[in-house]
Each structure stands twice: as C-alpha cells, then as structure tokens.
Amino acid sequence: TTLLCLAITPAWPLPASCALFFVLGTTAVMAVFIVAGNSADRPALAATPGAAGQIVAGVAHTCVIARDDRVMCWGDNSRGQLGDGSGVEGPLVPVTVVALTRARVISAGALHSCALLRAGTVDCWGDNSSGQLGNGSFTDSSTPVSVTGLGSGVVAIAAGEAHSLALRADGSVVGWGD
C-alpha cells in the first residue's frame, strides 16, 4: 500500500509508511520521494520554482500550478500524464507541461490531468482510453489537447478515475469519459 502524506512543516525522519511526502512552505512546494528499502533519513527533494498555487495528485503523478501560472508535473508518465511530450518514464523532478499557459485550476484523474485556463477553456492530457481528454478520440496525448465542444465560460473542473467534468458559468455541468 502506498500512502500520501501531507505536512505543513518539514518533519525528519519521515514516516516509514509514506511513499511520497509533501512539504509545503511559503515560497515553494517540495516533494520528498522515499525509495522502497532506502534507509536514508533525508531523501532527495524535488522543488518547483516559486510558490505553488495548487497541488493535485493522480494515481502516481503529481501536478502543481507555479506562481507564473505554468503547470508542472512529476511522477509516472506511462500514459503521457506529465504533459511534457517526452514520454520519459517517472521523472522525480517537476517538468513543465508544454504549450499550457495561464492555468487557473488543475485537476488530476487516475492517469490524466486537466487545466482550466484563465480564458475559461479546458485542456487535458494523459490517458484517453475512455475519452477522458474530451477531444473526440481515444488516443492518449502526452501534450495538452483542448476539450472539443466545450468553449469558454467554464468556472470549475474535476477529474475522476477515467472521466472529467466542467461546470459552466450558467450552472450547467458537462462530462466526458467513462
């Protein structure tokens, strides 16, 4: 069993039961990765540049919105869920999601992520086996794709295991995926 632990201040040594431990500060979000069987009491840190406005986690990947509205992700990349277009498996340092600027809100599903942009539109990336990216296909994408037919005027988003949702300004909810 893998647990996600969250702390407001650093705590050393980290609990042995945690596979991923977040340290939240006033100027940065850092993820501390604990390698199974590693007895080191100070694991390596992966820090995002500047303060983070939001942090979300999928099954084995994590994304944050940096101070400059960029989205950065790290962890499992087997289905393109880091959004960097590289296909590189499991970077332990945050990578920037390509061609995605001005993110307001992010949400992570099991193996995909979505971003609500400041223009009120939604982009998603990663696993698309159930149509959860909303672009009319079932092909995974390692870079963000626009949700088709949604337009602007979205005020909130949510991602589930294999589906995604958007709340429009008029109160209507649109969903896609399984």
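The values are calculated or read from the model by the stated rules, or taken from the named source; none is laboratory data. Quantities reported herein were computed from a predicted structural model and do not represent experimental measurements. Please note: Cβ atoms are built from the backbone with ideal geometry, for glycine as well, and neighbour counts cover all protein chains shown. When the accessible area is computed, the model is the full protein with side chains, heavy atoms only, and any ligands, DNA or RNA have been set aside. Shrake-Rupley method; radii C 1.70, N 1.55, O 1.52, S 1.80 Å.
Assorted remarks:
- Members of the range 111-122 found to be open to solvent by 20 Å² or more (accessible area, probe 1.4 Å) and either free of Cβ contacts under 8 Å to residues at least 12 places away in the same chain or not polar (S, T, N, Q) (or both), listed by number: Leu111, Leu117, Arg118, Ala119
- Some residue of the range 132-141 being open to solvent by less than 20 Å² (accessible area, probe 1.4 Å), hydroxyl-bearing (Ser, Thr, Tyr) and closer than 20 Å to Ile55 by Cβ: no
- The range 144-163, subset touching a residue at least 40 places away in the same chain (Cβ under 8 Å) and in a strand (DSSP E or B), residue nearest to Ser130 (Cα to Cα): His163
- Conditions (1) modelled with pLDDT under 95; (2) surrounded by 15 or more Cβ atoms within 10 Å (Cβ to Cβ); number of the one not met by Gly85: (1)
- The set of residues in the range 78-94 that are in contact (Cβ under 8 Å) with a residue 60 or more places away in the chain and within 13 Å of Gly109 (Cα to Cα) comprises Arg79, Gly80, Leu82.
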